[in-house]
1. Just need a number here: residues in region 90-140 that are hydrophobic (A, V, I, L, M, F, W, C) and surrounded by fewer than 16 Cβ atoms within 10 Å (Cβ to Cβ).
2. For region 207-225, which positions are over 20 Å from Leu144 (Cβ atoms) and open to solvent by less than 50 Å² (accessible area, probe 1.4 Å)?
3. Find all pairs meeting these conditions: Cβ atoms under 7 angstrom apart; at least six residues apart or on different chains; first residue within region 42-70 and closer than 30 Å to Gly11 by Cα and modelled with pLDDT of 85 or more; second residue open to solvent by 80 Å² or more (accessible area, probe 1.4 Å) and not in a strand (DSSP E or B).
4. Of all residues in region 331-345, count the ones that are within 18 Å of Lys359 (Cα to Cα) and either open to solvent by 50 Å² or more (accessible area, probe 1.4 Å) or basic (Lys, Arg) (or both).
5. Quick one: which of Asp393, Asp405 is in contact with an Asp or Glu (Cβ under 8 Å, 6 or more places away or on another chain), acidic (Asp, Glu) and either outside any loop (DSSP other than H, G, I, E, B) or at pLDDT below 80 (or both)?
6. If a residue must be in a helix (DSSP H, G or I) and not polar (S, T, N, Q), how many such residues does region 82-112 contain?
7. Which one of these is in contact (Cβ under 8 Å) with a residue 12 or more places away in the chain, closer than 27 Å to Thr120 by Cβ and touching a Gly at 6+ places or on another chain (Cβ under 7 Å): Phe256, Phe267, Phe220?
8. If you check Asp123 against the conditions, is it touching a helix residue (DSSP H, G or I) at 6+ places or on another chain (Cβ under 8 Å) and modelled with pLDDT under 90?
Amino acid sequence: MCLFDVLDKAGKDMGFTLSAVHVNHRFRPGDAERDQQYVENLCRARGVECTSFVIDCHKEAEKRGMTDEEAGRVVRYECFAEAADSVVSSGFPRESIRIAVAQNADDRVETVLFRLMRGTGTDGLSGISFKRPDEHGNTIIRPLLRVKKRDVTEYCRENGLTPCIDRTNEETEYTRNRIRHLLIPYISENFNCDISSSVLRLSESASVDREYFREAAAEFLEAHVLEENESEILVDGKALRELHAAVRQRVMAAAFARIGLGQDLAFPHFRALEEILESESPSSRVDLPHGFYMTGVYGDVRFAYSGRREESEKTDFEPCRCDYDKAGEVFGPGWENRVATRERRPGDFIRIKGGGRKKIQDLLVDMKVPKDRRDRVKVTACGSEVLAVVIDDKNVRYTSMYKVDETTKKVINIEINTRL
């Protein structure tokens, strides 16, 4: 409501056209429909065009394998992009369109804390960006990102605005709500009464660093890409290896982004990518989410998309459940961050019943896996110890160690649900 009012007034002074997009997620039957009607009536009274979408986000979450919260966000931005396409089709150039969303400074703080708890690199500390392109070539802007929630609320009060209140914002079912209502107040009371300002300063600093590294990565690729098409980029391997790791990882992320993998790269992925760069094998390879991979090509490095994203085969494998603390006694603290799915290597082994070990090579021989197929076997491992090995479409073997029992406090699930 605050952003809508500000833009509505600014549009009259600055000469831009404002239109509204409302997404009914169907999370709150009855309330959601009343909110939609409220928005449509407001826009009608102000003379602002409004496009409403009604999406069952719970069903979308199940279909896409996401949480309701994640699906809601994805669906919102898809609706924004669809509305922008409609504006483009009416004759407006895409570069003259901005999608304005209303995240404020408090949202940025929550995002940084959320990422810290899930695990993030320094880029993730920048939180929400003031401006970014979406996957469809549109520009998303956040005009209120430096404005605190209390100031947004005060603006609404002073200007006679009456926002609809989403009652689920007060619940603590979702992680972000728990951060907002439980974690931040606890830190403020016990450690730092102005934790939000501290996190915002960290976020601003991380944003500056991120922009520098992104520019450095773009400059490197401009100078050292040997071949490129829509699904592959071949990069000078010698030059890539000579980079500082901080720049090199941004270069790898930027290369994947250019062929379609803009998200879902985490610390274990970069670790695996670094191992490939250090490998003496001329054709070593690491597979990444959604059919993307990186491989050595006689000293150079290829970033590629296999084109099999939609051809992956679903499996019916039961998940392997490991006791987190028992495994931690062997692998050390933070061991889950060192787990990676990769090609098998010499020396790889798996724990078997009774506490013994079996080399993966011996396991494959025992299972009569043809020799020409053994090198295609994928393992999920922490170092050389394999936790899961996919033999073929019907067979997977999991470690026999770290079993869950009545003393277990924390569980790690290893679930093989797609075989590429």
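The values are calculated or read from the model by the stated rules, or taken from the named source; none is laboratory data. None of the values given here were measured: they were computed from a predicted structure. Glycine also receives a Cβ, built like all others from the backbone with ideal geometry; neighbour counts cover every protein chain displayed. Ligands, DNA and RNA are excluded from the accessible area calculation, which covers all protein heavy atoms including side chains. Shrake-Rupley method; radii C 1.70, N 1.55, O 1.52, S 1.80 Å.
1. 4
2. Selection gives Arg210, Phe213, Ala216, Ala217, Phe220, Leu221, Val225.
3. Taking only residues 6 or more apart or on different chains, the pairs are Val54/Arg26; Ile55/Arg26.
4. Within region 331-345, residues that are within 18 Å of Lys359 (Cα to Cα) and either open to solvent by 50 Å² or more (accessible area, probe 1.4 Å) or basic (Lys, Arg) (or both) number 4.
5. Asp393
6. Final tally of qualifying residues: 15.
7. Unique residue meeting the criteria: Phe267.
8. Answer is yes for this residue.
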